[in-house]
Amino acid sequence: MNYTPLSLLLILVSYVQVLAQAQPGQPANVVWTSQSKNSSESMPCGGGDIGLNVWVEKGDVLFYLSRSGTFDENNALLKLGRVRLKLSPNPFNGTDFKQELKLTEGGVAISGGQTQVNLWVDVFQPVVHVTIQSAKPVSISAAYESWRYEDHVVKGTEFRTNSYKAPQKFDVITRNDDITFSGNDVLFYHRNRSDSETIFDYTVRLEGMESVKNRLFDPLKNNTFGGLMRGLTMKPMRTDTGVYAHAPFKAWILATTKPVRSQEITIGLNVGQTNTLEEWKTGLAGIMNGAERTKKTAQQKSQGWWWQFWNRSYILLDSKDTAVAAISRNYQLFRYQLGCNAYGKWPTKFNGGLFTFDPEYVDTKYAYSPDFRLWGGER
């Protein structure tokens, strides 16, 4: 069949109109109707340069905290910890359980038993928000869990996590974090130490470049990363210990003083190479103050950013073929994960980005902490 230039133009216009009429929110939300077995069955959630792995296991809501730039002395990209929410009586063990990744909003909603938990990340400020709404009063605890509560000597294939890559003639140590109750909050951070050699120092010495060391970019010196977990009206209760996926951890627990119908939890995350620890803490306080000032508008602005993200360009494959539909959906989900590091100082790592989880659920021979990843560090 032959087409005239006019007919070709009309076809092209019609095609553009079809694309324009496609709903940018049509990359289908992911909906689960049963709880997860473990962290390998977690949902991505994030924004700005923050990524969360979110899942519900045995009635507990859990999520890992990750952010761009959290490089330790060995140049391993470390997670910022894990949060565990417990509600009593537990609303999520019934048949009406639902967990949904809302792509156009950038958040995760968990519901069951007339209770809903919403998690979202501020695109413009490094802040994680959790809100809980319940028709009936519930008691709530929020535990900050860390497997880096003490020094850990790296061994064997675990070296794949950092830039050394292989055992050395000296101990390579993942240093402990500083974690404490601070008033009614939980304060946690890791500050790269200046009293011992980092992988940057080691490399410069090994290459005989110490004479020009002060002219080289050092991404590890004084790098400090961590945050503050605050629960509106929640109080410190106790510390606890446990094991998750073969990794021992310690928990700092905040809890409501009485059953409530609504609860807000805010986690500010700060990453920076500051001259002093106090300077870093001042920056963290500014983040928390900013979250308080903008709490009425922050979620709407973040959702607007995600709407614009999906609307400015998209590929939607409309097909009854399940394989084609899966390709389209997987593309949207991958793009969402990349969008969670849109403002990251560092590029998204190719092997999991911000969304790695306990490695033994991939291969049982890697029974390491959630910080582990193959081909970690920088080359």
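Rule-based calculations on the coordinates, nothing more; no lab input. The structure presented is a predicted model; accordingly, all values stated were derived computationally and were not measured. All Cβ positions, even for glycine, are placed from backbone atoms using ideal geometry, and neighbour counts span all protein chains on display.
What the table shows:
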| read-out | value |
| --- | --- |
| Matching option when the condition is of a type in the set (Lys, Arg), over 30 Å from residue 234 (Cβ atoms) and surrounded by 15 or more Cβ atoms within 10 Å (Cβ to Cβ), among 312, 373 | 373 |
| Some residue of region 92-107 being of a type in the set (A, V, I, L, M), assigned to a strand (DSSP E or B) and over 16 Å from the mean Cα position of the chain (by Cα) | no |
| Residue identified as surrounded by 14 or more Cβ atoms within 10 Å (Cβ to Cβ), more than 19 Å from residue 69 (Cα to Cα) and touching a Ser or Thr at 6+ places or on another chain (Cβ under 6 Å) among 203, 115, 104 | 115 |
| Residue list for region 78-137, restricted to those being of a type in the set (S, T, N, Q) and without any contact (Cβ under 8 Å) to a residue 12 or more places away in the chain | 95 |
| Selection status of residue 257, closer than 21 Å to residue 187 by Cβ, among the hydroxyl-bearing types (Ser, Thr, Tyr) and loosely packed, with under 13 Cβ neighbours inside 10 Å | yes |
| Top-ranked residue in region 151-171 [being of a type outside the set (Gly, Ala, Ser) and in a helix (DSSP H, G or I); ranked as nearest to residue 248 (Cα to Cα)] | 158 |
| Residue tally, condition part of a helix (DSSP H, G or I), closer than 20 Å to residue 107 by Cα and either over 21 Å from the mean Cα position of the chain (by Cα) or in contact (Cβ under 8 Å) with a residue 12 or more places away in the chain (or both), over region 293-320 | 13 |
| Selection status of residue 278, within 29 Å of residue 228 (Cα to Cα), of a type in the set (D, E, K, R) and either without any contact (Cβ under 8 Å) to a residue 40 or more places away in the chain or exposed (fewer than 13 other Cβ atoms within 10 Å of the Cβ) (or both) | yes |
